[in-house]
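This report concerns only the one structure given below.
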Amino acid sequence: MSDQLQKLFPSFSKELIQDIKANEVIKNFSSGEIIMRTGQYIKNTVLVTKGTIKVYREDDDGGEFFMYYLKPGQACALSMVCATKNEKSQIMAKVVEDAEVIMVPLSLMDKWMMEHRSWYEFVIGTYRNRFEEVLEVIDSIAFRAMDERLEFYLKRQVEACGCKELKLSHQEIGSDLNTSREVISRLLKKMEQRGLVKLHRNQIEILM
């Protein structure tokens, strides 16, 4: 596992990896499982070693808005913020592909920030990358029409999976973009007419 950690997190020093190995709790989750709920206290920082996790923001009525994916070699910046302040989670995280994660106790966060330069740089880098992603999402909502938001969303899905065939239902896309299935179906049909996508049963082929 030490070799795997070094490959997934190449910036980590050997001393940091030893500390992680000494304190880690490894957990496996199946597709569809919720690993973090809105309103729960965060007790661990999550490092992803396998699979894909989808991070959402929820409204008071249970509506969901997609924010970003977590892939192997990444950590949840928002869990780090909540962990350091011992606050409740403001997000929901759902497993998309069977995942393995390393749980690091929040009590070690401050200690490692002081003792391990590589952990400090990783945390700051994670904050920065997620902040930039969230800014892109905000720009998409504030300055783009729904058809542009849909194109932006589909491109992010392609980047996340590294594939051109997306197994996404129109309802799922509508939930992620906080709109109706009917709106998504209409816009996808227009995109297909423009040669940007090809629609199949339960699958969208991206041509752009």
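The values are calculated or read from the model by the stated rules, or taken from the named source; none is laboratory data. Predicted, not measured: the structure shown is a model, and the values here were computed from it. Cβ coordinates were reconstructed from backbone atoms using ideal geometry, including for glycine residues, and neighbour counts include every protein chain displayed. The accessibility values were calculated without ligands, DNA or RNA, using every heavy atom of the protein model including side chains. Shrake-Rupley method; radii C 1.70, N 1.55, O 1.52, S 1.80 Å.
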Any residue in the range 41-61 that is more than 30 Å from ARG149 (Cα to Cα), in contact (Cβ under 8 Å) with a residue 24 or more places away in the chain and open to solvent by 60 Å² or more (accessible area, probe 1.4 Å)?
yes
Can you find a residue in the range 35-51 that is hydroxyl-bearing (Ser, Thr, Tyr), at pLDDT below 90, over 17 Å from the mean Cα position of the chain (by Cα) and within 19 Å of LEU106 (Cα to Cα)?
yes
Take the range 138-178 and flag every residue that is touching a residue at least 40 places away in the same chain (Cβ under 8 Å) and farther than 15 Å from TYR68 by Cα.
MET146, ASP147, GLU151, LYS164, GLU165, LEU166
For the range 119-137, check the following and say yes or no: at least one residue is in contact (Cβ under 8 Å) with a residue 60 or more places away in the chain, over 25 Å from LYS50 (Cβ atoms) and open to solvent by 10 Å² or more (accessible area, probe 1.4 Å).
yes
Within the range 1-30, restricting attention to residues that are surrounded by fewer than 14 Cβ atoms within 10 Å (Cβ to Cβ) and of a type in the set (A, V, I, L, M, F, W, C), which residue is farthest from the chain's Cα centre (by Cα)?
ALA22
Here the residues within the range 171-208 that are open to solvent by 30 Å² or more (accessible area, probe 1.4 Å) and in a strand (DSSP E or B) are LYS198, LEU199, HIS200, GLN203, GLU205
In the range 138-166, what count of residues is obtained for those that are among the basic types (Lys, Arg), surrounded by 13 or more Cβ atoms within 10 Å (Cβ to Cβ) and farther than 21 Å from CYS76 by Cα?
3
